1. Can you sort ILE523, ILE368 by 1.4 Å-probe accessible area, starting with the largest?
2. How much length is gained if the chain between SER363 and GLU237 is pulled fully straight, taking 0.36 nm per residue apart and subtracting their Cα-Cα distance, in nm to one decimal?
3. Which net charge results for the neighbourhood of LEU273, defined as the other residues with beta-carbon distances under 15 angstrom from its beta-carbon, given Lys and Arg at +1 and Asp and Glu at -1?
4. Rounded, prolate or oblate for segment 119-205? Axes are the square roots of the Cα gyration tensor eigenvalues, ordered a ≥ b ≥ c, and the cut-off for rounded is a/c under 1.5.
5. What FRET efficiency comes out for the pair TYR323/SER139, r = Cβ-Cβ distance, R0 = 51 Å, nearest 0.05?
6. For segment 366-518, calculate the relative contact order in percent as a whole number, restricting contacts to Cα pairs under 8 Å that are 6 or more residues apart.
7. Would you please give the FRET efficiency between THR289 and LYS508, computed as 1/(1 + (r/R0)^6) with r the Cβ-Cβ distance and R0 = 41 Å, to the nearest 0.05?
8. Just grab the label-to-label distance for MET384 and SER217, each label 7 Å out from Cα along the Cβ direction, in nm (one decimal).
Amino acid sequence: MSKHYDPSLLNGTSELLQRSSSASTSLLLLFIFIILSILNTSVLCQTTATNPTIIITNNKFTLRATNSLIITPQILSAQVGNLTATSTVRSITYYVSDVLNSIFEYSTNNFVNIVTVSNFTQDAINKQQIRFISTGSFSPQCIITAVALIADGSGRVFTTTSQPSVSTFSFTAWTSSSTAPKPLVSYQKYGTYMLIQVTMWKRNFDPPAAVFSIGFSEAASCPIPINTIRDGFQLIEDGAYYAKYQVNRTVQDIINDPRVSKNSRGAVIDAILTVHTTYIFMQQGTTQTCTQLPFTDQYTLQVDLRPTQIEYVSKTNAEITLYPNQIFVDDNNRLQVKINLRLAGLDQAKLYNWAISGPKAFSVVYPIVVDVRSDANYFRLTFMSNPLTVGENYSGNYKLSFEAQNGALSQVYEIEFQLQYTIPDTDPVNTITFDTQADTFNGNDFTKSPVTEFRIGQLVYTRVKVVNVVSSTTGLPTNRRIAPYNMYLCCTLKIQGVPDNQCRYFDKTSMTYQAQIYTNGTINFNNTDVINKLKISNVLIGGSDDDKRSQYAFSIDIDSLRTGKNKRCFFVIETFLTTYSQNKRQTTNTIISDGSFSTTYKAFDFVEQLPTTSRSPVPKASSGKKPTPSSSKKVQIPSTPIPSKKNADNWSCSDSSAHQLFNKNFVWALLLCINVVILVILL
């Protein structure tokens, strides 16, 4: 029996098989699409799974006997993590914020030419092109943030930003473990007493710590286990890298101290004080040895002998008042004290038996009547001492006596007075606090803009002026004017901030030159450089009396400072008040008040070599006051452009990468839609 097949059935089966085959193909294509989409997404933006990070690993600045530092990777560096095998770090840029007492400088020619910057790259650090400068008493502050620029194998660019890192700073004045800095000794004078301060520098980087010995005599023998602070010195300030001590000494105590050398006689005594300071520590090695590093500091204190009335005598029949007049040493080497005496109620009496009693012997020259008035008679008396000896002390309480006979009655009168050594013309009660500013010019026309760059053959004209009188709203009193007191000049080996020792002595490790131009209100003629090389000259300033009283100017010749290299030089200028007469237009360089001092700093650059090719401008010196970062112009170092961030996270794909990713995913999504449509139709 033969079998017959329905052709329609065969055709249906064939159609079904074709549909099944097409569906299988569509499913296969869909599967392949899903796999490729996964691989494509993984390759195109792997960073979404790894999230690269950057951490600042080093951010510690250690300054040894300097206020500037070339930044190295050991000082500041960052580490990038979570990178893929195909990713690379193009650059790391550091951004500085919240800056206090700090400056960052950039240079490509060993800091001959510099610019102040607020951001810089790791590459510049590796090339030692970034320098840090502390500008304020070694108390700098700043916060640093790092940004890394990352590229993957396909050329896409990402950025990642670190958490802000607070910089840490540490300082020591010791140039090495065994080279001690000279202690700073300052003297402040207040009429009948003197304040002496000593700043000792801690050995804080190189254990063990040093102990200090301070006093007016030499230190005790080595070793000593603790600080030996003698002769009344007391600790008043204990810092991280220094300790400050002070003592108050009366003029009388200084004069009576046998350790004080006294070079003058009688009415004026020059007392030479010597402060002894010593660092003592145990030197480390195979065996410990005690090391002493002693220093001495001398100061000449001039004191004048002055008479002062102690008792005002008033009796029923007489009034006696004593007025100090003059004290001097005559040609016979005798001390003469002249006083005026007012006698009321004794105009008819005969006066005799004049005498002086007290610590030293004086004879009385018979008084001279200098004036007769209706209210009283006025006399001038002279007391004469025995021949003087060097350093003899004539201070103390004295008594003047005389006898007055009126008819048959006779009565003895006495009045006490004091001879006291005092520091001349000090007035601590009426201290005037003022601030000054120094500016340098290319000539004596001070109406032009100041300059801070000078070349061979140019004179440096410097003007110092009062910029603020703290204790007054109307400026300086009309009988006061400013004048230079102590003035120092130094030039440094490198372009840096004001040296640690304030230019007060020469330091061969950091300076090419140092000189004290003014000493205690007068030009330092003992230093031949000041006269013969620097050729300092006072410069007259025109204008009103107020202009003349509130400023002064001088010029120096800097050609003698040539070394063949560009250098930065500094003035450290202490200004004080002097008396001033508007009528006579005269100035007397006498200290009015020890508190009336102002110290200002001024930097200028001596450019001996001009660079032939350089994109950086010649560095500008700082302003009269110590520079602050807020007044500096911030310059960004050219680097690889950093794309803007697309989200608040620490990473992002770049615009071009995101655009490419969108285009490719759109194509794959379109293919998926086509396959789904085919599958629906076939099924």
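1. The ranking, largest first, comes out as ILE368, ILE523.
2. Value of the extension gain: 40.2 nm.
3. -1
4. prolate
5. For TYR323 and SER139, the calculated efficiency is 0.45.
6. Normalised by residue count, the contact order of segment 366-518 is 13 percent.
7. 0.95
8. 4.2
The values are calculated or read from the model by the stated rules, or taken from the named source; none is laboratory data. The structure presented is a predicted model; accordingly, all values stated were derived computationally and were not measured. Neighbour counts are summed over all protein chains in view; Cβ atoms, including those assigned to glycine, are modelled from backbone coordinates with ideal geometry. Keep in mind that these areas ignore ligands, DNA and RNA; they rest on the heavy atoms of the full protein, side chains included. Shrake-Rupley method; radii C 1.70, N 1.55, O 1.52, S 1.80 Å.
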